[in-house]
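First comes the structure, then the notes that go with it.
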Amino acid sequence: MIKTGWAWPVLLAHRCGGALAPENTLAGLEIAARLGCGAVEFDVMLSADGQPVLIHDETLERTAGRSGRVAELSAAELSGVDVGQRFHPAFAGETIPAFADALDACRRLGLAANVEIKPTVGLERQTGEAVGYSLRAMDAAGDRQVLLSSFSAEALEAAVAEVPRLPRALLAACYTPAALACARQLSCVALNLSRDGLTEEDVVAVREAGLAVMVYTVNTLEEARRFLRWGVAGVFSDRPDRLFGLVTESCIT
Ligand code: G3P
């Protein structure tokens, strides 16, 4: 039997509250906590003035319905951008949070946070450094409620230089021996993979190397249970309401 010593919650609400709230918002964190998630995942990018904020896309079109590039707007300007109205009028006035405010909310709500470093193309190192710098106090205190991750090895490496004790995971669209080697080189605790095309053999290969596997984005209980039977340690879901059964089931060895 393969053991990874993994102690993270099995269900992570994707982009804060999954599909039940505007993504990457404080409202999403509140909803995830109410639904019983022990952990959330969110994306962190840099504003024009180098401040880490929660957003997935490099532009505002999809979430705010207006033009604008994150890397060209200050943190103050981004903090006034409404990303709630476009999702649902009930969330009007919900804005792009500062990373520090999201961390405070997670602490208050008892949520572990998978912080995905999401650099604007060309700002991989700077984004990793800024995210890591923001977490230095938690690293020094031995906090284990934050898991860093990124598709960018460069960004992750830059963050790790700031916070060498925080656990981290490399993200990849699919399993490859090269992705696993890169994750090991960065001393990652996990290789986080897409559900698309994932096989049980992939999961076993990663676990045999001593790393955990977390899978995105899983939205049915049936599929989540199948991945857990394969040895997956956690799933990111847009529908944490549907997957709540995982929290009370014990499928992991
Ligand atoms: O971190 C897991 C998942 O969120 C990665 O995909 O596109 O949402 O960043 P994406």
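What the table below lists for this structure:
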| quantity | calculated |
| --- | --- |
| Pairwise FRET efficiency - ARG66 versus ARG125, Cβ, R0 = 30 Å, nearest 0.05 | 0.55 |
| Top positive-direction residue, dipole computed over the chain with Cβ charges, set LEU246, VAL53, LEU73 | LEU246 |
| Estimated FRET transfer efficiency when R0 is 45 angstrom, pair VAL204-ARG108 (beta carbons, to 0.05) | 0.70 |
| Label-to-label distance, nm, for residues given as GLN145 and ALA7 (7 Å Cα→Cβ offset) | 1.4 nm |
| Calculated over the chain: convex hull of Cα atoms, volume per residue (Å³) | 114 Å³ |
| Region 47-165: relative contact order in percent, alpha carbon pairs under 8 Å with at least 6 residues between | 22 percent |
| Rounded percent of accessible protein surface that carbon and sulfur make up, region 11-248, 1.4 Å probe | 50 percent |
| Within region 11-248, percent of DSSP bridges classed antiparallel, to nearest 5 | 15 percent |
| Accessible area in square angstrom per residue, region 11-248, 1.4 angstrom probe | 40 Å² |
| Dipole magnitude of region 11-248, debye to nearest 20 (Cβ charges: Lys/Arg +1, Asp/Glu -1, about Cα centre) | 600 debye |
| The chain: relative contact order in percent, alpha carbon pairs under 8 Å with at least 6 residues between | 20 percent |
| The chain, helix-only ellipticity at 222 nm - DSSP H runs n ≥ 4, -39,500 (n - 2.57), divided by all residues, nearest 500 | -9000 deg cm²/dmol |
| Cβ-based charge dipole, the chain, positive-most Cα from LEU29, ALA19, ALA209 | ALA209 |
| Estimated translational D of region 152-253 in µm²/s (Stokes, Kirkwood radius over Cα pairs; 10 °C; 1.306 mPa s) | 113 µm²/s |
| Using a Förster distance of 51 Å, the FRET efficiency for GLU77-ALA181 (Cβ separation, nearest 0.05) | 0.80 |
| Hydrodynamic radius of region 111-156 per Kirkwood, over alpha carbon pairs, in Å | 10.9 Å |
| In nm, spacing of pseudo-spin labels at GLU249 and GLN85 (7 Å Cα→C-beta vector) | 4.2 nm |
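The values are calculated or read from the model by the stated rules, or taken from the named source; none is laboratory data. Please read these numbers as outputs of a predicted model, since none were measured by experiment. As a convention, Cβ positions derive from the backbone with ideal geometry for all residues, glycine included, and neighbour counts pool all protein chains shown. Side chains included, ligands, DNA and RNA excluded: accessible areas come from the protein's heavy atoms. Shrake-Rupley method; radii C 1.70, N 1.55, O 1.52, S 1.80 Å.
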